[in-house]
Amino acid sequence: MAVDILKISKDAVEASKIYPDVINASIGMFYDEDKKIGGMPIVSKAIRNLPDEDIFPYPAVDGGAQFKKNLITWVFGPYEENLKTHFFINACATPGGSGAIASTFSIFSKPGESIFVSDIRWQYERFADRAKLNVFEHALFDGDAFNITSFENRLDELCKNQHRVIVIINDPCHNPTGFTLSEHEFDRILDILNRKKKNDIVFLYDLAYLEFSHETNNRKKLSMLPKLDQHVTTILAFSGSKTFGVYGLRLGAAIVMTKDEERTKKIHMQYINEARGSWSATPTASIELFNKFSIADNKKAFLVDLDRINTLVQKRSVSFITQAKAIGLKTHPFRSGFYTVVLTKDPDQDYLKLAEHHIYAVPMNGGVRFALCSLSLKEIEGLPQKIKSILNL
Ligand SMILES: Cc1ncc(COP(=O)(O)O)c(C=O)c1O
């Protein structure tokens, strides 16, 4: 069973009531430099100004036509028209990206099967446990690059024993490492998926941190999807929690993309069924908040706030990584995003040692993850040195 991140965060909050020096780097929520949540004032204001009819009624289970249209325009950006000519696309609102992941596992797998994930990853096993699935891993890194050989070889192995395989790619700003695939790496991944012609591949592309990537064009990789063949079903897991910083509101979506109209229709119905049989419907307020920010002027204003926090998140990460490098503290290859992982020998013991010194972070395969998005620049100053000293690294 994976470690409970929400519990570590709660412990940190409790400790901070007693000790003034607590550093809570456990959870992926943006806090501003004054340690306040709600770093995007325009979002807070929009939530408070929602009229009753945008909050109280039941919504359409999939979010409704307007929401789906807005979502597709938002996520695909300049590639919307092109993607629409290559794919039959539909979507279903979900309570966070988590809802999209959980329902995808439920729809596309049978108990006892395995999902295909990297050895360093976010807590996909929580969703897998619930769906009674196993995890089948490939190595994420080969030095500072994506380990394409391991990805291919391990997928080969799994595809020999299992017809339908859910392949999860978390990109950009991979949680927990902050790694982002290059366009070339992404292209090679698509080629490998295309080669699995005898299998039924479900490509679950978890782009929760899409807006926090510092690539020149953060949607360019989406424009490469049309090369995927018929046997690959693509599901994009969108997170409104991360996009708008509304973690508790529960906003997300599963976007279905296939090359067969009937198949997309059928899968869309399966998501609706999944929703009705579990969470019922995504909160109306979340759906309407998204619709509000899809109006051109509102979106423009939102992007100003987003840019401000995005720049700050990157500044924090760069500060941490620069200090770490200077003192020889090793991290996984980092490009951008909410987190970075410090490599340690015994993560399960090391995070407890850090907690004894009031530093709260999360153990991961190969190291301890620090959510730099929630720390101020002041807290980050000197933090790598403290970690190095406490853990004798
Ligand atoms: C990689 C990744 N995917 C998906 C999610 C889901 O987020 P939410 O359910 O809050 O939208 C998270 C949240 O931390 C995440 O880190």
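Read the figures in this text as sums done on the coordinates, not as results from a lab. Keep in mind that what you see is a predicted model, and the values were worked out from it rather than measured. Here the Cβ positions follow ideal geometry from the backbone for every residue, glycine too, while neighbour counts run over all protein chains shown.
Using 7 Å Cα-to-Cβ label points, what is the K265/Y58 separation (nm, one decimal)?
Distance between label points: 2.4 nm.
Around F76, under 9 Å between beta carbons, what's the net of Lys plus Arg minus Asp minus Glu among the other residues? Kindly include the intermediate steps, with their values, before the conclusion.
On the way: positive: K84, R219; negative: E80, E81.
Taking every other residue near F76 into account, the sum is 0.
Within 15 Å, Cβ to Cβ, of A254, how many net charges do the neighbouring residues add up to if Lys/Arg are +1 and Asp/Glu are -1?
Local net charge: +3.
Among R276, R121, what is the fewest-to-most ranking by other Cβ atoms within 10 Å?
Ordered from fewest to most neighbouring Cβ atoms within 10 Å, R276, R121 come out as R276, R121.
Find, among the trypsin sites (Lys or Arg not before Pro) in segment 159-235, those assigned to loop by DSSP (not H, G, I, E, B) with at most 14 other beta-carbon atoms within 10 angstrom.
Here the sparse-neighbourhood loop sites are K197, K198.
For the residues Y360, Y19, what sequence is obtained by ranking on other C-beta atoms within 10 Å, fewest first?
Neighbour counts put them in this order, fewest first: Y19, Y360.
In segment 231-268, which residues have a backbone nitrogen under 12 Å from the label point lying 7 Å from K198's Cα in the Cα-to-Cβ direction?
none
Between D4 and H86, what length in nm is gained on full extension when 0.36 nm per residue of separation is reduced by their alpha carbon distance? Mind dumping the intermediate values first?
Numbers: separation 82, 0.36 × 82 = 29.52 nm, distance 4.06 nm.
Length gained, D4 through H86: 25.5 nm.
Pick from V362, V318, V342: which is most flexible by mean-square fluctuation in a GNM of the chain where alpha carbon atoms under 10 Å apart are linked?
Its mean-square fluctuation being the largest, the pick is V318.
Quote the relative contact order of the chain in percent (integer), defining contacts as alpha-carbon pairs under 8 Å separated by 6+ residues.
Taking the mean separation of contacting Cα pairs over the length of the chain, I get 26 percent.
First check a/c for segment 59-294, with a ≥ b ≥ c the square roots of the eigenvalues of its C-alpha gyration tensor; if it is under 1.5, answer rounded, and if not, answer prolate when a/b is larger than b/c or oblate otherwise.
rounded
With r defined as the distance between the Cβ atoms of D32 and Q385 and R0 fixed at 35 Å, what FRET efficiency is calculated, to the nearest 0.05?
0.90
Summing +1 for each Lys or Arg and -1 for each Asp or Glu, what net charge is found among the other residues whose Cβ lies under 14 Å from the Cβ of V313?
Its environment carries a net charge of -1.
Return the distance in nm (one decimal) between the two label points of a simple spin-label model at D11 and K160, each offset 7 Å from Cα along Cα→Cβ.
The modelled label-to-label distance comes out at 4.2 nm.
So, in nm, how far is label A296 from label H357 when the simple model puts each one 7 Å beyond its Cα toward the Cβ?
5.4 nm
How much length would be gained if the chain were fully extended between A145 and D129, taking 0.36 nm per residue of separation minus their Cα-Cα distance, in nm to one decimal?
2.8 nm
What is the distance in Å between the Cα centroid of segment 237-294 and that of segment 51-125?
4 Å
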